[in-house]
Every structure is written in C-alpha cells, then in structure tokens.
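The numbers here are math on the coordinates, done by the rules we state, and not lab data. Computed from a prediction, not measured in an experiment: that's the story for all the values here. Using ideal geometry, Cβ is built from the backbone for each residue, glycine included, and neighbour counts are taken over all protein chains shown.
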Amino acid sequence: MVNRWYHPLVCAFMLLGAVIAQPHAQEVRLVGNKVETLINDRGQPSRLTDLIEAALANENVTLTATTQAWSGSGLRNGRFDGYIDHYSLDNPKLNYVYSKPFANIALHVASTSADAANMNRLDQLNRKRVGLETRFANTDQVRSERSVNWARTQDFFNNVQQLAEQRVNYIVADKIMLDEMNKMLIAVGQEPLYISSEPLFSVDISLGMRTAFADAQSVITKLNEGIERLKTTQQYDEIYLPSVNAKSILDETMYEDIVKRW
C-alpha cells in the first residue's frame, strides 16, 4: 500500500525542487536618454527602445528612458548595467564593452533656403550659424569642429523652432526626423525643408555595458544575434524606419504653432 503512493509523491517533490532550484535569468537594467521618436516612454513612438526590446525579447531586460544627468549618475553608481545610445561621435568609455552598431543616424543639413540641398561638407558651413542638438554638439568629434558656429539646442523641436524663427540659417538633424517634419509641412500645404543630398555625419549607435556587470559580454552577444535575426525577417525596418506612406510620427499638436507660422 505504501509503495503505491510513495513513488508518485517523491517524484512530485523532486520536480518541485528542480523548478525552485532553477536559476532565474539575471535582470539586465538598461538606460537611454529621452529623444523624440527614438527613446521614449508613456506609449510614445520609441524606435530605438523597440529595437532593443525586440532583439532581447527572451531576456529579462528593464529599460528606462530618462535624462542625461539621471542616466549618467545611474551608470556611475550601478543602478543601471548599460546604456543603449552610445554614439560613434564619442570616444568609447573606460570600463565599458560595446556591441556592434545596431542603428544609424544620418545627420543632414536642412533649411528653408534651397542651397541647403548642396551642402554636403562642413567647410560649406564655415562661419555660418547652424542649429544642432546638444546630444550631437557635445560629442568628442563635433566639439573638435570649430569652423562652424553651432547654435546648440536641447532637442529636435527646438532646433526646428530656431530655424522657423530665423535665429539660424541652417540646421543639422536626423534625416528621418527631417523627413517626418516635411510630411507635416506638406500635409498643410507648406513648403518643405530643403535637405542635403549627403549626410554631414553618419552616427552609429551601439549598446555599452559596464564591465563590472557579470553578464556584459553575454548580453552584447545576444543583442548582436537578435539584431541580425530582426534584419533577416525584415522586422528591423518595420520597427526602426517610419513608413513613407504613413502620416508623420511627430506629435502634430506639439508642432502646430511652428507649422502655422512657417
């Protein structure tokens, strides 16, 4: 009689013990600086964040979108294990390892003046006042370019605003964002921006992981593999590149006054 129930009971306890003993995947805490349409929260378009989440879909990843000051302090004190937005315009940091570039930002010249279409070199902007977001202007490479009078601004919205208010003659910005801005302008019958045919800078984006994080290299390997998987299944373009035929992913209410005064 004992043997009839003892064996299944022992098996049940062994299975339960195996489940309990199985290690959980270590949480990977990543951070990125908020950038319109690229790194966001609260359900707003977030193309870079979405790429990371899709590539690391099988990992225990927590991703925080925040300010540069908060992300910097969080990386220093160990609150975050890595950051998703290392720009190739910056030198690599000590005590970090990096993934292969998994996204690219093409920075083009734009203006309401037609000559912007042919401005494909920095020397063509010599001594001109040119708008540029601080996330690019404060990088190692751009800081060394002293021939251009950079008008630094916090974000894309303010960069476009200073062009609309004629405080600058040209801006340098993400080609995807410029195309999305032109969608809004064309939709209301306004003249679109003239955009240079070639990028002024080509900015690769990589994941940087703290070497103090035990699984840093493993996370990087899995990201590299995940990005390649997304590219082979065409999911990459669907996530990162806005549809040409869809309406602008920029917040129309936010840009309403700029478009009206264009």
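Which of rounded, prolate or oblate describes region 118-251 when judged by the alpha-carbon gyration tensor and an a/c cut-off of 1.5? Cα axes put region 118-251 in the oblate bin. Ordered from longest to shortest, the equivalent ellipsoid semi-axes for region 35-130 are 32, 17, 14 Å, each the square root of 5 times a Cα gyration tensor eigenvalue. Only lysine pairs 8 or more places apart or on separate chains count here, and in the chain those with Cα atoms under 30 Å apart total 29. Put simply, region 197-262 fits an ellipsoid with semi-axes of 34, 17, 14 Å; these come from the alpha carbon gyration tensor as the roots of five times its eigenvalues, largest first.
Each Lys and Arg contributes +1 and each Asp and Glu -1, all at the Cβ; summed about the Cα centre of region 45-88, the dipole is approximately 200 debye. Calculated mean residue ellipticity, 222 nm, the chain: -11000 deg cm²/dmol, from DSSP H runs (n ≥ 4) at -39500 (n - 2.57) each, averaged per residue and rounded to 500. Among the listed options [x] 1, 5, 11, 13, 14, 13, 11, 10, 9, 7, 4, 1, 0; [y] 1, 6, 14, 18, 20, 17, 11, 7, 3, 2, 1, 0; [z] 1, 5, 11, 15, 15, 14, 11, 8, 5, 3, 2, 2, 2, 1, 1, 1, 1, 0, 0, 0, the one matching P(r) over Cα pairs in 5 Å bins from 0, in percent as calculated from these coordinates is [z].
The fewest-to-most ranking of Met184, Met177 by surrounding Cβ atoms within 10 Å reads Met184, Met177. If the segment from Val188 to Arg152 were pulled out straight at 0.36 nm per residue, it would be longer than the present Cα-Cα gap by 10.1 nm. The eigenvalues of the Cα gyration tensor, multiplied by 5 and square-rooted, give region 104-159 an equivalent ellipsoid with semi-axes of 17, 14, 11 Å from largest to smallest.
Considering only DSSP beta bridges with both partners in the chain, what is the antiparallel share in %, to the nearest 5? It would help to have the intermediate numbers written out before the result.
Values: 19 of 35 bridges.
Of all bridge pairs located within the chain, approximately 55 percent are antiparallel.
Other residues lying with their Cβ under 13 Å from the Cβ of Thr67 contribute a combined charge of -1, Lys and Arg counting +1, Asp and Glu -1. In a reduced charge model with +1 at each Lys and Arg Cβ and -1 at each Asp and Glu Cβ, the chain shows a dipole moment near 560 debye about its Cα centre.
Taking the Cβ-Cβ separation of Trp70 and Gln26 as r and a Förster radius of 35 Å, what is the calculated FRET efficiency to the nearest 0.05?
After rounding, the FRET efficiency stands at 0.95.
At a temperature of 25 °C and a viscosity of 0.890 mPa s, determine how fast region 37-82 diffuses translationally according to Stokes-Einstein, using the Kirkwood radius over alpha-carbon pairs as Rh; express D in µm²/s, rounded to the nearest whole number. Calculated translational D: 213 µm²/s.
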